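Here the structure is laid out as structure tokens; the discussion comes afterwards.
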Amino acid sequence: MIRLLLVPGCVLACLVGCASPAQEAALPARAPQIIPLPNRVAWSAGVFALGPATRIVATGGEEAIWAAHWLADLLRRTRHFDLRVADPSSLPSSGVILLELGTAQGSTAPEGYRLEVSPERIVVSANDAAGLFYGAVTLWQLATANLDERAPAPAVSIPALTIDDAPRFHWRGLMLDPARHFVPPASVKRMIDWMALHKLNVLHWHLSDDQGWRIEIDAYPRLTEVGAWRVPAGPAAAAEIDPETGEPRRYGGYYTKAEVREIVAYAAKRHVTIVPEIEMPGHAQAALAAYPELGTGEAPPGVSADWGVHTWLFGVDDATFEALETILGEVLELFPGEYMHVGGDEAVKTRWQESPAVQARMRELGIPDETALQSWFVKRIERFLTAHGRKLIGWDEILEGGIAPRATVMSWRGVDGALEAAALGHDTVLAPSPTLYFDHRQSELASEPPGRDAVIPLEDVYRFRPMPDGLAPDQRHHVLGIQANLWSEHIRTPERLAYMAFPRAAALAEIAWSMPARLDWPSFVQRLARQFERYRALGLTFATSAFDLRPSARRRADGSIAVQLANQSGAGEIRYTTDGSPVTPAAKRYAGTLELAGDTELAARTYLDGRPVSRELRNTASRLADRRASQELDVCSRRVVLALEDDAPREGPRSVFLTDILNPCWTWHDAELSGVNGIKAAVGQVPFNFQFGGERPDVTLAAPDNPQGELEVRAAGCDGDVVAVLPLTPAVRSQGVTVLSAPLAQRANGSADLCLRFRAPGYDPLWVLDWVELERAGPAAAMP
């Protein structure tokens, strides 16, 4: 039955209702305000009036009743209707919502449903509980299509229609990484709720890595006693002493078995399957810090506080496999799903190469090299999982050296791993970097939280096509689906986790659920305005990056400042004020370049259908023209570019710096220097906590003239004349951001490329730039 979900789109489209070409073309223009977009919609005459007197009735057993209560709770939280779930024996003739399990008249595909709205009643029917649940979610979205928390409506008119719907892919997933930054159980549950509201159904739970072991194991208690805790990198963390131990305070946490069982049951109610991951043979430092005998001899110094590729590997002796099988056995008892993820990625083979015991084992087994040894390792683990009725899934490195016989491949290094796996007859899930790596920044704005450098905007996610072009037709059934990954090196809080996930996860949900012919970017953007209102009503923190305004400001010869406004998506209306008043839908509509005096306070915002979809931009024209955040500058090279968060303060907001960690250097192109007599720069320092697979990082840093270092500013590029030097001495002892200033060497009027780079005695700590500002004398000076 599952294979029905994995056939080419044209076949599945007929399973959920074949529309004519005219209907296909017309759908986006009248798409219902639903994400993901249903696969067949037929409109009718009239409306159903939903209000406090409406009753919900469920038939078909406990799962139908649970879906009814879930729907009632959503309507209470968003529409403030306290609807009663009534007894089916007293079914009203009208004004009722009926949820019927086991009686679907439309799609019979797994997870499919039919939703019929007439003026008298609404009927949601499905042949399985997941389908009924998703039908209820769709109905909730119809009921919140015009949500306005500022003016709750006493009743809602839902247009008459019939929806026949079923998902394109069976695997519609998100990966959660609590190993780097722990995600409390309540936050995991909230993420499951939000997934369910987008019809996402697989939570891949990354429970171990070099930076933390997050699941309780009775046979090996030190995995959590030791492996779940670390001292974060940097002087700020080292200075925070725990009064009970007299040592730096440790960071971490883990899930008890009781908590895991509760979360698994919570997810199952919402039709989310949890796939646990225990990394092997690499990403093992936290486990080996607890039990070094499971490695290759040498004990690691502790649980890692560094990011990147480490070198610690599990050993290959029988005692290690007995331990791993015991651990996996306890994990399998907690998770009833069919898959167990074993990682398999980024296993640097140096320690295997240097271990006499490992080399002796290879000779004993007749294994020619370490790549083949990893293949043997994974195959042995697969035999254990198969014996326990489970399937092994791993990252695409498990293809190297020969794939295990029944393994499923999760392709992260692009889509090549998926193509190779399918060609070999293996199932695959697409989770390619960078497009579906949600730890990447969503825009180039300075307001973005930390993350990987390459910007992955909402539109890139939406335009990703899950079925690779190079896949032969008879291999397409091997594509189980797609998944986005929330690696958490840069995601420190639950609020930021939600921000990095949504609305990109909404785009993921639509391309995983809806047929290719239904996908339409302009329609999706318009539907997001309503989705954002739902997010606000439910308290979901989300990114407005696609609509946030990026100003471009430049001084004119007459002293005025020309400001242009645009957003990433190009959608919506931009409204603005220049008198300090708030921006509303009735404010002036932006139609082109604004000519402003330097002290003008500009405020602006993007609106869609009269709804705010961006944060408010508010700044003076002078500040827009004369200051650049590091995110608004060009880095001089792109070796390893990251948006890094300061390591202090412990509580509250922290500064974010964009830098190439191997070359801390920036360029301000075409900076207007006329009338400039000085320069200010806000600088910080962050720990250099990065691993490069055992290799020493090659950081480009010139020797300083000042013992503590300096920020050097050159005009006409990095080979031009030095026009300012800002010694770092005042900032050396600061754990936060320090503002430095220096006069700018006299230059002729005009513009030039300014190169800003640090000269320092070492790269740990790493000096970083927060912002730089040109100082002007007289009335044109920027406001403080």
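Residue-wise test of (1) in a strand (DSSP E or B); (2) touching a helix residue (DSSP H, G or I) at 6+ places or on another chain (Cβ under 6 Å); (3) aliphatic (A, V, I, L, M); (4) under 16 Å from Leu334 (Cβ atoms).
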residue	(1), (2), (3), (4)
Gly173	yes, no, no, no
Val183	no, no, yes, no
Asp218	no, no, no, yes
Gly227	no, yes, no, no
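Test each condition in (1) over 18 Å from Ser411 (Cβ atoms); (2) under 14 Å from the mean Cα position of the chain (by Cα); (3) acidic (Asp, Glu); (4) modelled with pLDDT of 95 or more for Glu444 and report the one that comes out false. Result: Glu444 fails condition (2) only. With respect to the stated conditions, Ala421 fails to be assigned to a loop (DSSP other than H, G, I, E, B), in contact with a strand residue (DSSP E or B) (Cβ under 9 Å, 6 or more places away or on another chain), touching a residue at least 12 places away in the same chain (Cβ under 8 Å) and open to solvent by less than 10 Å² (accessible area, probe 1.4 Å). Applying the set (1) touching a helix residue (DSSP H, G or I) at 6+ places or on another chain (Cβ under 6 Å); (2) within 29 Å of Phe502 (Cα to Cα) to Tyr134 leaves exactly one unmet item: (1). Taken over segment 452-474, residues that are over 24 Å from His198 (Cα atoms) and open to solvent by less than 40 Å² (accessible area, probe 1.4 Å) amount to 3.
Taking the listed residues Leu658, Leu624, Leu673, Leu662, the one that is in contact with a Ser or Thr (Cβ under 9 Å, 6 or more places away or on another chain), open to solvent by 20 Å² or more (accessible area, probe 1.4 Å) and touching a residue at least 24 places away in the same chain (Cβ under 8 Å) is Leu624, with no other qualifying. Scanning segment 160-171 turns up at least one residue that is under 20 Å from the mean Cα position of the chain (by Cα), buried (at least 24 other Cβ atoms within 10 Å of the Cβ) and not hydroxyl-bearing (Ser, Thr, Tyr).
Of the residues Glu262, Glu244, the single one that is of a type in the set (D, E, K, R) and either outside any helix (DSSP H, G or I) or more than 28 Å from Phe133 (Cβ to Cβ) (or both) is Glu244. The conditions of being of a type in the set (Ser, Thr, Tyr), within 20 Å of Ala284 (Cβ to Cβ) and touching a helix residue (DSSP H, G or I) at 6+ places or on another chain (Cβ under 8 Å) are met by Ser375.
So that you can scan it fast, the table gives a plain yes or no per residue for (1) part of a helix (DSSP H, G or I); (2) surrounded by 16 or more Cβ atoms within 10 Å (Cβ to Cβ):
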{"residue": "His283", "(1), (2)": "no, yes"}
{"residue": "Ala289", "(1), (2)": "yes, yes"}
{"residue": "Phe321", "(1), (2)": "yes, yes"}
{"residue": "Pro336", "(1), (2)": "no, no"}
{"residue": "Asp345", "(1), (2)": "no, yes"}
{"residue": "Glu364", "(1), (2)": "yes, no"}
{"residue": "Ala372", "(1), (2)": "yes, yes"}
{"residue": "Arg383", "(1), (2)": "yes, no"}
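Screening Ala145 against (1) in a loop (DSSP other than H, G, I, E, B); (2) in contact with a Phe, Trp or Tyr (Cβ under 7 Å, 6 or more places away or on another chain) leaves a single unmet condition, (2). When Ile163, Ile97 are checked against the criterion of being under 18 Å from Arg76 (Cα atoms) and β-branched (Val, Ile, Thr), a single residue qualifies: Ile97. Scanning segment 229-241 for residues that are assigned to a strand (DSSP E or B), farther than 26 Å from Ile192 by Cα and open to solvent by 40 Å² or more (accessible area, probe 1.4 Å) returns a single hit, Ile241. When we screen Glu262, Glu244 for residues that are closer than 27 Å to Ala484 by Cβ, surrounded by fewer than 20 Cβ atoms within 10 Å (Cβ to Cβ), out of contact with any strand residue (DSSP E or B) (no Cβ under 7 Å at 6 or more places or on another chain) and not hydrophobic (A, V, I, L, M, F, W, C), the only hit is Glu262. Checking each residue in segment 133-175 for being in contact with a Leu (Cβ under 9 Å, 6 or more places away or on another chain) and of a type in the set (Asp, Glu) picks out Asp164, Asp165. Residue count for segment 591-618 under the criterion of being in contact with an Asp or Glu (Cβ under 8 Å, 6 or more places away or on another chain) and either among the polar types (S, T, N, Q) or open to solvent by 40 Å² or more (accessible area, probe 1.4 Å) (or both): the result is 6.
On the stretch given as segment 552-575, residues that are assigned to a strand (DSSP E or B) and buried (at least 19 other Cβ atoms within 10 Å of the Cβ) total 8. Residue count for segment 479-510, restricted to those that are surrounded by fewer than 21 Cβ atoms within 10 Å (Cβ to Cβ) and more than 23 Å from Glu448 (Cα to Cα): 0. Just so you know, in segment 729-756 the residues that are assigned to a strand (DSSP E or B) and within 33 Å of the chain's Cα centre (by Cα) include one that is surrounded by the fewest Cβ atoms within 10 Å (Cβ to Cβ), and it is Val739. Restricting Asp469, Asp460 to those that are under 30 Å from Val525 (Cβ atoms), without any contact (Cβ under 8 Å) to a residue 60 or more places away in the chain and under 15 Å from the mean Cα position of the chain (by Cα) reduces the list to Asp460.
Residue pairs whose Cβ atoms lie under 7 Å apart, separated by 6 or more positions or on different chains, with the first residue in segment 384-399 and closer than 16 Å to Trp412 by Cβ and the second open to solvent by 10 Å² or more (accessible area, probe 1.4 Å) and aromatic (Phe, Trp, Tyr), are Ile393/Tyr339; Trp395/Trp412; Asp396/Trp412. Filtered by the rule that a residue be under 24 Å from Ala305 (Cβ atoms) and either among the polar types (S, T, N, Q) or surrounded by 22 or more Cβ atoms within 10 Å (Cβ to Cβ) (or both), segment 183-203 gives Val183, Ser187, Val188.
Pick from Ala145, Ala196, Ala136, Ala166: which is closer than 30 Å to Arg55 by Cβ, at pLDDT below 95 and out of contact with any Pro (no Cβ under 7 Å at 6 or more places or on another chain)?
Of the residues listed, the single one that is closer than 30 Å to Arg55 by Cβ, at pLDDT below 95 and out of contact with any Pro (no Cβ under 7 Å at 6 or more places or on another chain) is Ala145.
The values are calculated or read from the model by the stated rules, or taken from the named source; none is laboratory data. The structure presented is a predicted model; accordingly, all values stated were derived computationally and were not measured. Backbone-built Cβ (ideal geometry, glycine too); neighbour counts: all protein chains shown. Accessible surface is based on the protein model in full, side chains and every heavy atom, while ligands, DNA and RNA are left aside. Shrake-Rupley method; radii C 1.70, N 1.55, O 1.52, S 1.80 Å.
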